[in-house]
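Take a look at the structure set out below.
The values are calculated or read from the model by the stated rules, or taken from the named source; none is laboratory data. What you see is a predicted model, and the numbers here were worked out from it, not measured in a lab. No Cβ is skipped: glycine too gets one built from the backbone with ideal geometry, and neighbour counts run over all protein chains shown.
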């Protein structure tokens, strides 16, 4: 029996995407532990876990990420604007992996 494509978002994948985005630079710059963004990833997952594939679009995800960042990092206005590009890139990654145009990802030996 084949699984549906694209698969629905799962918590571990969302954690990995949020961690890799490292919007605040905590992991790369400040060498924070890899679970630094788990709270934000869990909040995001709770917000989107019941979304249909068709709804997993950057335009729907970015406002959710903005809201999570406002609450988690107490940022607004200009401070949130400084993160806008990184948050939009994260939303695009989520759409790329789980949205309506998602393609199977293949690991290559490089």
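Can you confirm whether region 77-99 contains a residue that is part of a loop (DSSP other than H, G, I, E, B), surrounded by fewer than 17 Cβ atoms within 10 Å (Cβ to Cβ) and without any contact (Cβ under 8 Å) to a residue 60 or more places away in the chain?
Looking for residues that are part of a loop (DSSP other than H, G, I, E, B), surrounded by fewer than 17 Cβ atoms within 10 Å (Cβ to Cβ) and without any contact (Cβ under 8 Å) to a residue 60 or more places away in the chain, one finds none in region 77-99, hence no.
For region 6-42, enumerate the residues that are under 21 Å from residue 84 (Cβ atoms), assigned to a loop (DSSP other than H, G, I, E, B) and touching a helix residue (DSSP H, G or I) at 6+ places or on another chain (Cβ under 6 Å).
23, 37
Within the set of pairs 6 or more residues apart or between chains, which connect a residue that is under 12 Å from residue 98 (Cβ atoms) inside region 49-73 to a residue that is assigned to a helix (DSSP H, G or I) with Cβ atoms less than 6 Å apart?
Going by the 6 Å Cβ cut-off, the qualifying pairs are 56/95; 56/98; 57/95; 58/91; 58/92; 58/95; 61/91; 61/94.
Any residue in region 19-42 that is under 16 Å from residue 102 (Cβ atoms), surrounded by 11 or more Cβ atoms within 10 Å (Cβ to Cβ) and in contact (Cβ under 8 Å) with a residue 12 or more places away in the chain?
No, region 19-42 has no match at all.
If we scan region 60-74, do we find a residue that is touching a helix residue (DSSP H, G or I) at 6+ places or on another chain (Cβ under 7 Å), buried (at least 17 other Cβ atoms within 10 Å of the Cβ) and assigned to a loop (DSSP other than H, G, I, E, B)?
Checked region 60-74: no residue is touching a helix residue (DSSP H, G or I) at 6+ places or on another chain (Cβ under 7 Å), buried (at least 17 other Cβ atoms within 10 Å of the Cβ) and assigned to a loop (DSSP other than H, G, I, E, B).
Given the structure, is residue 45 modelled with pLDDT of 95 or more, in a loop (DSSP other than H, G, I, E, B), surrounded by 15 or more Cβ atoms within 10 Å (Cβ to Cβ) and at negative phi?
Taking the combined requirement at face value, the residue does not satisfy it.
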